[in-house]
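Asker: Below is a structure I'd like to ask you about.
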């Protein structure tokens, strides 16, 4: 990012940042002015730990359930959405989960993630005032 100008935006993916060992909120804060799109994906820390310890490939980690939809893992989505709100972000929030649809039915999990984020978005004006 340091080698590009402000015209280059960043797709912020909560799950990929966390899976890679990063702190999603810290990365969001660092690059908030460059964020133009957000993928909301959660992680299951116990599966990520197994993936690291077992030297699984990325595909093995996905198949074994490292990722899920928002609200089904450990990422602090209230803090992330509040930060985006306070910054004035008006772009998309995409519910995403790379998982085996035979284990986690796509529609059911997409709805679960959407409903969780919608509930958080409704609460943000109140949360935003508390955080300010």
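Every read-out reported here was derived from the displayed coordinates using simple, explicitly stated rules and does not represent laboratory data. This one's a predicted model, so the numbers in the text were calculated from it and none came from an experiment. Cβ atoms come from the backbone with ideal geometry, glycine included; neighbour counts cover every protein chain shown.
Asker: For the range 75-96, enumerate the residues that are in contact with a helix residue (DSSP H, G or I) (Cβ under 6 Å, 6 or more places away or on another chain) and part of a loop (DSSP other than H, G, I, E, B).
Answerer: 75, the sole residue that qualifies.
Asker: For the range 2-26, name all the residues that are buried (at least 19 other Cβ atoms within 10 Å of the Cβ) and closer than 13 Å to residue 83 by Cβ.
Answerer: 12, 14, 24
Asker: If we scan the range 50-63, do we find a residue that is in a loop (DSSP other than H, G, I, E, B), without any contact (Cβ under 8 Å) to a residue 24 or more places away in the chain, surrounded by fewer than 12 Cβ atoms within 10 Å (Cβ to Cβ) and under 17 Å from the mean Cα position of the chain (by Cα)?
Answerer: So far as the range 50-63 goes, no, none of its residues is in a loop (DSSP other than H, G, I, E, B), without any contact (Cβ under 8 Å) to a residue 24 or more places away in the chain, surrounded by fewer than 12 Cβ atoms within 10 Å (Cβ to Cβ) and under 17 Å from the mean Cα position of the chain (by Cα).
Asker: Only one residue in 79, 104, 123 is under 19 Å from residue 18 (Cα atoms) and touching a residue at least 12 places away in the same chain (Cβ under 8 Å), so which one is that?
Answerer: 79
Asker: Let me ask something additional. Give the residue, chosen from 100, 72, that is surrounded by fewer than 17 Cβ atoms within 10 Å (Cβ to Cβ) and either assigned to a helix (DSSP H, G or I) or touching a helix residue (DSSP H, G or I) at 6+ places or on another chain (Cβ under 8 Å) (or both).
Answerer: Working: 72 fails: surrounded by fewer than 17 Cβ atoms within 10 Å (Cβ to Cβ).
After applying the criteria, what remains is 100.
Asker: Here's something else I'd like to know. So is residue 108 exposed (fewer than 12 other Cβ atoms within 10 Å of the Cβ) and closer than 22 Å to residue 12 by Cα or not?
Answerer: No: the conditions fail for residue 108.
Asker: Looking only at residues in the range 13-41 that are over 8 Å from the mean Cα position of the chain (by Cα) and not in a helix (DSSP H, G or I), which one is nearest to residue 98 (Cα to Cα)?
Answerer: Here the residue is 20.
Asker: Go through the range 87-97 residue by residue and tally those that are touching a strand residue (DSSP E or B) at 6+ places or on another chain (Cβ under 6 Å) and buried (at least 16 other Cβ atoms within 10 Å of the Cβ).
Answerer: Number of matching residues: 4.
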